[in-house]
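Derivation of every value follows stated rules applied to the coordinates shown; laboratory data play no part. This structure is a prediction, so every number in the text was calculated from the model and none was measured. Here Cβ is always computed from backbone atoms with ideal geometry, including for glycine, and neighbour counts include all displayed protein chains.
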């Protein structure tokens, strides 16, 4: 596989991201940011400058705690399974193209696309609301994509409704941790280790967005789950025909 041939798909993958995920991202961003923008515009005239800047920064960081999760679910959903269900793989791989490398590149393109979408949201808030630009919130988007997006990529190589599996995994982990708390039993401590640590995702993301240093063990744990999911997905693509 020549590198030039793989890079030739880059433009098409970027176009697919805009066409297939651009509209849902725009709708979500508009619904989530419009109330924030209106509130920040009122804050600019009603509060002292220092207080307004602090409140505006806090509001934007909290917004991205929710937006990053929803945007990643949109960005990773069906990254592999859609091509299998719709039969696009017959045209995509009519030429000798490495399937794992193609979808690894698609994963990267979608991640970059989400960062640019987040930049667009930041720019809209800066231009239409209070002029605050906490660019560290982009780290939150990257963290959520690398950790949760890796699991989504893995599920997308297995099943059509990968977003359902992601939600079920998240929900089941929350329920098991509630039923078997880590501090109360040996089973709880074991489950706390083997279950995905996505219950810590929001807190770690907020720390990064605020410029704080998160606990390295938890950060690596989150990234480890995502990277493992991505690698397993690529291995499945290497071994399992897309037609199955």
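Cα axis of helix 216-239 to longest principal axis of the chain: angle in degrees, 0 to 90, nearest 10? Between helix and principal axis, roughly 30 degrees.
If you model the stretch 3-239 as an ellipsoid using its alpha carbon gyration tensor, with each semi-axis the square root of five times an eigenvalue, the axes come out at 32, 26, 14 Å, biggest first. Based on C-alpha pairs under 8 angstrom that are at least 6 apart in sequence, the stretch 70-194 has a relative contact order of 33 percent.
Spin-label model, residue 227/residue 135: points 7 Å from Cα along the beta carbon direction are separated by 2.5 nm.
Figure legend: label point modelled 7 angstrom from the Cα of residue 93 along Cα→Cβ; residues of the stretch 202-244 with amide N under 18 Å from it are 230-244.
Projected onto their three principal axes, the Cα atoms of the stretch 137-225 cover extents of 36, 35, 17 Å, largest first. Contact order, relative form, for the stretch 55-144: 48 percent (alpha carbon pairs under 8 Å, 6 or more residues apart, mean separation divided by residue count). Sorted fewest first by neighbouring Cβ atoms within 10 angstrom, 199, 183 come out as 183, 199.
Compared with the dominant principal axis of the Cα atoms in the chain, helix 10-46 is inclined by about 10°.
Considering only 142, 109, 175, the Gaussian network model of the chain with Cα springs below 10 Å gives its largest mean-square fluctuation to 175. When you restrict to C-alpha pairs under 8 Å that are six or more residues apart and normalise by the size of the chain, the relative contact order lands at 26 percent. Principal-axis analysis of the Cα atoms of the chain puts helix 49-76 at an angle of about 20° to the longest axis.
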